[in-house]
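Have a look at the structure below, then the notes.
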Amino acid sequence: MPQARPPHCTQSNNNSICTSATPLQLLVLLISLVLVSVGSGGVRSSSLAFGIDQLKNVEKKNGSATESYFGCYYAINMASVLVSITCLVYIQENMGWGIGFGVLVVLMLFATTCILLGYPFYVKPKPKGSLITGLFQVVVACYRKRRITISSSQDKGVVEAYHQQGPALRHPTETLRFLNKACIIQDPQKDLSSDGKALNPWSLCTLEQVEELKACLKVLPIWATGVIMNINVSQGSFSILQATTMDRHVGPPTGGFEIPAASLSIFTYVSIIAWLALYERVIRRRFRLSATARMGCGIFVSLLAVAAAAVVEGTRRARTVKAGLSDDPEGIVGMSVLWVVPHALLTGLAEGMNAVAQNEFYVSEFPPSMWSIASNFLGVGMATASMAASGLMSAVAGATRGWEGGSWISSNINKGHYDYYNWVLVGLSLMNLMLFFLCSRAYGPYGEEKKNKQSYVVED
């Protein structure tokens, strides 16, 4: 559809003459991007929880099936990214964008066909209403009953707590007790209908809804530590900028090749895949690290990653100043780009440890009805970290604007002090590591450990 895009640029006197896109052409582009976003959001928000549903029967026989699934899921995702930034980029650069996008269309048609062929064999739980609405109902009901005072003995009452029929909790847990007001029945005649249902779900919620909101609130502190760690992971664009000023030739001077700056992210994805394979095939068969232990290790390794980046940048900048290239942002310093590789490998190792463990932790702490929400906590955390990283960089730029040597953040990497900025991230990571230890200690046992120390009674 040549009409859907502006005509190709023409050359005239060594100058490119390009025609701007029309409003209709821009509309086509924006609609396409929206469709990609909607499709990606639907797949990413559901695929992990969908896979867990398929493993329910297997998990009863093999308790480690879900843990293996998380690792394989993340490894396959990283492998697909690795293929996209190598093979697909090669096709687009050498064969054209049209063929590159055509390959993607064929792949998506193949994926859609596979989904449809397997549909009859999938486990398909029936939806039971909006979970988000239920969480808001608990907040509203709790606010409406804010003047009610309840004691611990009332919390443990069987009659006062409104819950669903069938196997369910008989009384609310002791944690976050102020939320228990939302499921306390004050007057059965006014609160319940003749069939035992709540007359107003915005005034009386089920005990299960209360526990679901508690599960969300309880994991937020640990989730926040993951957000802070991902601030380090989201600094990948700086590594690309750093690599453009370094010697990217590998091999002998006459027969070597030049590594594209953007391709350095390959080392990060290879590190993730290698760690997941090593843990699944070697480490986990000898001893199992808990999810919180791997999360803590990931935070520590991310600290080492930004420390390595700070050391490399300090060395690179010193050599740049010595070579008189401070005013030339495109100048190449006599320093191999392989200096950046340790940071990329450590970043991948940190992400592989922390990200998969986060998914395991959230799913183990949330009831099955909330697995779709649990599987999206990591993605929301990464998005939050990206915004937080932008805010942190702006704050550092503003705070150091009056610095004697100029702001630490500069469009000219040789003028700025990104090594100092990385040391700020090291300090932030150190505080985050201590915060994680405090939060995990305060949280207590989880998952399999928690089953032996439940604070509520399950109905027989």
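Only one entry in Ala374, Ala344, Ala305 is in contact with a His (Cβ under 8 Å, 6 or more places away or on another chain), surrounded by 20 or more Cβ atoms within 10 Å (Cβ to Cβ) and at pLDDT 85 or above, namely Ala305.
Do the conditions hold for Ile259, that is, is it under 21 Å from the mean Cα position of the chain (by Cα) and surrounded by 15 or more Cβ atoms within 10 Å (Cβ to Cβ)? Against the criterion (under 21 Å from the mean Cα position of the chain (by Cα) and surrounded by 15 or more Cβ atoms within 10 Å (Cβ to Cβ)), Ile259 does not qualify. Contact map, the range 16-33: residues that are farther than 12 Å from Arg5 by Cβ paired with residues that are in a loop (DSSP other than H, G, I, E, B) and not aliphatic (A, V, I, L, M), Cβ distance under 8 Å, separation 6+ or inter-chain. Pairs shown: Ser16/Cys9; Ile17/Cys9.
Yes or no, residue by residue, for (1) more than 25 Å from the chain's Cα centre (by Cα); (2) in the same structural domain as Val321 (by the TED database); (3) at pLDDT 90 or above:
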| site | (1), (2), (3) |
| --- | --- |
| Gly352 | no, yes, yes |
| Met370 | no, yes, no |
| Ala395 | no, yes, yes |
| Glu404 | yes, yes, no |
| Ser411 | yes, yes, no |
| Met431 | no, yes, yes |
| Met434 | no, yes, yes |
| Phe437 | no, yes, yes |
| Asp460 | yes, no, no |
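Checked against (1) in a loop (DSSP other than H, G, I, E, B); (2) modelled with pLDDT of 80 or more; (3) surrounded by fewer than 15 Cβ atoms within 10 Å (Cβ to Cβ), Pro127 passes all but condition (2).
State yes or no: is Ile259 of a type in the set (A, V, I, L, M) and closer than 30 Å to Ala357 by Cα? Spelling it out, it is not the case that Ile259 is of a type in the set (A, V, I, L, M) and closer than 30 Å to Ala357 by Cα.
Residue check: is Val38 surrounded by 11 or more Cβ atoms within 10 Å (Cβ to Cβ) and at pLDDT 85 or above? Criteria not met by Val38.
The values are calculated or read from the model by the stated rules, or taken from the named source; none is laboratory data. Just so we're clear, the structure is a prediction, and the values are computed from it rather than from any experiment. All Cβ positions, glycine included, derive from the backbone under ideal geometry; neighbour counts span all protein chains shown.
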